Amino acid sequence: MTNAILTGLMLGGMYALIAMGLTLQYGVARIMNLSYGEFLIAAAFASHWLFTGWAVSPFVGLVLIVPAAFLLNFAIYKLLLTPLVRRAPNRDALEVDSILATFGLTFVIQGSMVALFGGAYYSYSFLAFPVQFLGETVAANRLAALGITILLGLALYLALTRTRAGTAVRAVAVDPFAAQLVAINVSQASALTFALGGALVAAAGVLVSTFLTFSASSGVVFTMKALIVVVMGGVGNMLGCLVAGLALGLSEALVASYVDPGLTLAVNFALFLAVLLVKPAGLFGRATR
Amino acid sequence: MNARTAGFGVVALAALVLLAFVPRLGNAYYLALAISLLQYTVLATAWSMFSGPTRYVSLATTAFFGVGAYTVAVLGEILPWPLVLLIAAALGAFVAAIVGLSTLRLSGVYFVIFTFGLTELIRQLVVWFEVNKSRVLGRYVFVDITQADIYWQLLALTAAVFLLGWLIARSRLGFALRVIGEDETVAKHCGINTTFAKVALFTISATVMTLVGAIMAPRWTYIEPSIAFNSMISFQVLIMALLGGAHRLWGPVLGAVPLTLLFELLSARFPNTFTIILGCIFLLIVYMLPRGVAGLFEKLAATPDGKTTRRVAA
């Protein structure tokens, strides 16, 4: 039992980290990014390549890949998404357009990765030794990933609540029109937040690659889980993200060890629907959106 | 207007009769191509029947297609064919009604998210059931259906879908859906039961998709979950409907025909980079033709004083 709960918490922490980037992208920049999981897998491949080709530790890889992902996502927002933002008459139209555009992007990225790496599953051995933790044996790489996840989450929370830029970003999330009235550059804040979300998912990708096998086409699963966590937690809500991520990870681990490992997705969806039917705005969402 | 409708009817009927003779040409390749064309035409038209007026993007085409195909794989040998089709349709309608009732009360984005994973969910449930209960993964489909039979069934379904779409557009339901697409809050205040209207049309559209899956199933002799629930179909149908223009009944055909031919060509020539090309075509359509070919025609046909302009909301 302790083992299942521990696994669930580690998994849940990872889901929370993965979803944090998406909740920023969707909550602030209003881009419903369906190619989100593909960015995660791309970072995982980059980490794999650095580790096996150049013997660069994933911790060092993090320092290289995360800024690169930030720049890449900034460029994507400026080049690919700004035309959609300009053309959309309202927020709903932008959501639909961004869904369609990023859905197309999904296939471009996924196809490129399949062309480069093939359809095989990849993994590498990093910190793959057991350690004792709370009286249970867990893999060191998972524990390390959890530690970094907590650090990143904390850093993000502090940045959003304690800095001027973070306050501006939160203001845009609440009401972009009113934010403009108090001299916040909304389009710049959106671009930077979208890039920040991309940087977070790249960090998650590097961490995931240290303990999970992945393939060029496994991005969709991560996108889906991130979407479920974001909606369950309430769009743009960091605490909701954490709680929903942990709930998802725990329920998955419990179902996998006590019912059937083949039903984890069904559990995800059941939770998703249950939350939406009871609280359509998510666990921590505001009543009106 | 009435004479024009009658004219359209005559042309459509003539086209139907002509198309019915395609299997008589005796060329297996062209027949296969014609089947693909009809398959995507029906799927894209059914997709736009719901998504066009409501503007809810559904990514679950494959889920219903797969349900249809799998019904045939399980029941095809046991029951007579019309009964199998009937059961498939009922099953598709049932799944659609459940999905619709649980998600369509919510905001459009949640619906997209749910349908995005629905195919994967149903596939996982089918795999789980097959592995744990029936202890087979993958089934052989042995039914006495020829390629020509498939073609004629699809042709009949195509005709039915267009007739249905035409009737719905002229009914109270069609009007209600257009109001919902314009502004859901306004629709609610007008006394329209928005949930009922959306669920009803989603169910009709999904039933058609399920039937396509069932009719197409005998094309494969062997079916397993990864074949029946190939999410590429959702994607291709979505691009076709967008290219053609989802807001017109005849729009999706304009996308389905050229894209089916293009995909046929590309998948044969560039099997390895096919996905990338698909994605690029998709992006081009989203950026260049937001209202599809049908929208382009309307723009060209519009007179300066009666311009068809995009609705600009606050």
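Given A:Asn73, A:Asn90, which one is modelled with pLDDT under 85 and either under 27 Å from A:Ala179 (Cα atoms) or within 18 Å of the chain's Cα centre (by Cα) (or both)?
The unique qualifying residue is A:Asn90.
Does B:Val84 count as out of contact with any Asp or Glu (no Cβ under 9 Å at 6 or more places or on another chain), buried (at least 18 other Cβ atoms within 10 Å of the Cβ), more than 8 Å from chain A (Cβ to nearest Cβ) and under 23 Å from B:Ser58 (Cβ atoms)?
In short, no.
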Set A:Val206, A:Val201, A:Val231, A:Val220: member being without any contact (Cβ under 8 Å) to a residue 60 or more places away in the chain and either in a helix (DSSP H, G or I) or open to solvent by 10 Å² or more (accessible area, probe 1.4 Å) (or both) = A:Val231
ask   = Would you say B:Gly7 is without any contact (Cβ under 8 Å) to a residue 60 or more places away in the chain, open to solvent by 40 Å² or more (accessible area, probe 1.4 Å) and over 23 Å from the mean Cα position of the chain (by Cα)?
value = no
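Which of the residues spanning the range B:275-285 are surrounded by fewer than 22 Cβ atoms within 10 Å (Cβ to Cβ) and facing another protein chain (nearest Cβ under 7 Å)?
B:Ile276, B:Cys280, B:Leu283
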query = So which residues in the range B:123-177 are modelled with pLDDT of 85 or more, among the β-branched types (Val, Ile, Thr) and over 30 Å from A:Val259 (Cβ atoms)?
reply = B:Ile150, B:Thr158, B:Val161, B:Ile168
message = Among the residues that make up the range B:96-104, is at least one of them buried (at least 20 other Cβ atoms within 10 Å of the Cβ), at the interface with chain A (Cβ under 9 Å from one of its Cβ atoms), in a helix (DSSP H, G or I) and polar (S, T, N, Q)?
response = yes
query = Do the conditions hold for A:Ala226, that is, is it within 14 Å of chain B (Cβ to nearest Cβ) and at pLDDT 85 or above?
reply = yes
message = Let me spell it out: the conditions are (1) farther than 22 Å from B:Ala89 by Cα; (2) open to solvent by 10 Å² or more (accessible area, probe 1.4 Å); (3) of a type outside the set (S, T, N, Q), and B:Ile180 meets all of them except one. Which number is the exception?
response = (2)
B:Lys198 in a helix (DSSP H, G or I), surrounded by 19 or more Cβ atoms within 10 Å (Cβ to Cβ), charged (D, E, K, R) and in contact with a Ser or Thr (Cβ under 8 Å, 6 or more places away or on another chain) = yes
request  = Please work out if B:Thr221 is open to solvent by 30 Å² or more (accessible area, probe 1.4 Å), facing chain A (nearest Cβ under 10 Å), among the β-branched types (Val, Ile, Thr) and over 22 Å from A:Leu84 (Cα atoms).
outcome  = no
task = Consider B:Val131 carefully, then state whether it is within 14 Å of B:Ala217 (Cβ to Cβ) and surrounded by fewer than 17 Cβ atoms within 10 Å (Cβ to Cβ).
result = no
task = Evaluate the following for A:Thr82: is it surrounded by 22 or more Cβ atoms within 10 Å (Cβ to Cβ), within 12 Å of another protein chain (Cβ to nearest Cβ) and either of a type outside the set (D, E, K, R) or farther than 14 Å from A:Phe194 by Cβ (or both)?
result = no
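The values are calculated or read from the model by the stated rules, or taken from the named source; none is laboratory data. The structure presented is a predicted model; accordingly, all values stated were derived computationally and were not measured. When we count neighbours, we look across all protein chains shown, and the Cβ atoms used for this are built from the backbone with ideal geometry, even at glycine. These accessible areas exclude ligands, DNA and RNA; they are computed on the full protein's heavy atoms, side chains included. Shrake-Rupley method; radii C 1.70, N 1.55, O 1.52, S 1.80 Å.
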